[in-house]
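Okay, so here's the structure we're looking at.
The values are calculated or read from the model by the stated rules, or taken from the named source; none is laboratory data. Since the structure is predicted, the reported quantities are computational estimates derived from the model, not experimental observations. As a convention, Cβ positions derive from the backbone with ideal geometry for all residues, glycine included, and neighbour counts pool all protein chains shown.
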Amino acid sequence: MDRTYLAIRRQLQGMNCQGYEIGIRDSVTGKMMSRQWNLDQVLKSVSFLKGMNVNGNDIYIRPAISEGLILLDDIGLGTLQQMDKDGYNPAAIIITSPMNYQAWVRIYQGDFNSEVATQAAKILSERYSSDKNSADWRHYGRLAGFTNLKPVYNRPYVLADRCNGKIATKAEELVLEAHQKVKEAHENTLARVVAQPPLDPSVRADFRHIDPIQYATAQYQRLSKRYANNFDDSKADFIITCDLLRIGITENIIKNTLKKTSPNLETRKIGHIEDYLDRTIAAAHRRLQQSKTK
């Protein structure tokens, strides 16, 4: 049987996802195109992917949605051995070039909070000195069976090593730690927001006569320009929610407004948008109540 087919199947069995996003990246221009396929569709596309690889494209893979599988990139054999000892045994190990590895670590089986997954990836990246730029819930890793086109490596084949698909022994412990860090980050963000003055009263003077969606869109743009690289999407959500509540806009309308206007909300809060909006509105209510009692 075709060795590329076998390598891909081995890796997919280790990753064990509901669906996959395949990245096909031109090694010269860096331009990436993607395809979202399930396991059978990936395996039926081996010939197509081979052709793309031969014609100068690197082939990558990642989970299509957040489902408890995170990537550690650019690690060595000693690090993998230490991870096993520590209880963070990978579900799939991929050899991307001589003595260079990627490890897919499963911390949960099923749909999973993307924020917590990203935080878990950051924790392990810090602990094992992997590539920090790859530490999030859906970073691309290489797909086995194809050549690595980076010139420095002389086109080695990417290999699927151990691929057992198992949840890491200490996955639950890591998830709890990640949950706590996400919670602390939210609390710190809200604390910074509370310390900020509300929006300029002159900006709100005619607010009752403005459509909430139009207003929110304009405010996101204004805040983005004002804070530039320090722009915080969640902080902007909170500020705008406070203003909408202040003039009596209902919670349902606020939710609808944020869903339609908040930057990248679906990717930032994938899998828990409703919970995030409920928490933001509740925090805004508390902020307004604090303002009344001062």
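Regarding region 73-84, can at least one residue be identified that is under 20 Å from TRP137 (Cβ atoms), of a type outside the set (Val, Ile, Thr) and out of contact with any Ser or Thr (no Cβ under 7 Å at 6 or more places or on another chain)? Within region 73-84 (the criterion being under 20 Å from TRP137 (Cβ atoms), of a type outside the set (Val, Ile, Thr) and out of contact with any Ser or Thr (no Cβ under 7 Å at 6 or more places or on another chain)), the answer is yes, since at least one residue qualifies. What do you reckon, is SER129 of a type in the set (Ser, Thr, Tyr) and at pLDDT 95 or above? The answer is yes for SER129.
To keep it simple, each residue is scored yes or no on (1) in contact (Cβ under 8 Å) with a residue 40 or more places away in the chain; (2) surrounded by fewer than 17 Cβ atoms within 10 Å (Cβ to Cβ); (3) within 25 Å of SER234 (Cα to Cα).
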{"position": "MET83", "(1), (2), (3)": "yes, no, no"}
{"position": "ALA103", "(1), (2), (3)": "no, no, no"}
{"position": "TYR108", "(1), (2), (3)": "yes, no, no"}
{"position": "SER114", "(1), (2), (3)": "yes, no, yes"}
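Against the condition crowded, with 17+ Cβ neighbours inside 10 Å and more than 16 Å from TYR215 (Cβ to Cβ), how does ARG287 come out, does it pass? Yes: the conditions hold for ARG287. Residue check: ILE59 meets all listed conditions (1) under 20 Å from the mean Cα position of the chain (by Cα); (2) surrounded by fewer than 17 Cβ atoms within 10 Å (Cβ to Cβ) but one, namely (2).
Taking every residue in region 218-231 that is at pLDDT 85 or above and pairing it with any residue that is among the aliphatic types (A, V, I, L, M) and assigned to a helix (DSSP H, G or I), at least 6 positions away or on another chain, the pairs with Cβ-Cβ distances below 7 Å are GLN219/ILE240; TYR220/ALA236. Taken over region 258-269, the residue count meeting the criterion of being surrounded by fewer than 20 Cβ atoms within 10 Å (Cβ to Cβ), in a loop (DSSP other than H, G, I, E, B) and on the phi < 0 side of the Ramachandran plot is 1.
Counting only helices (runs of 4 or more DSSP H) that sit completely within region 1-102, those holding 2 or more residues that are small (Gly, Ala, Ser) and modelled with pLDDT of 95 or more correspond to 3-15, 46-54.
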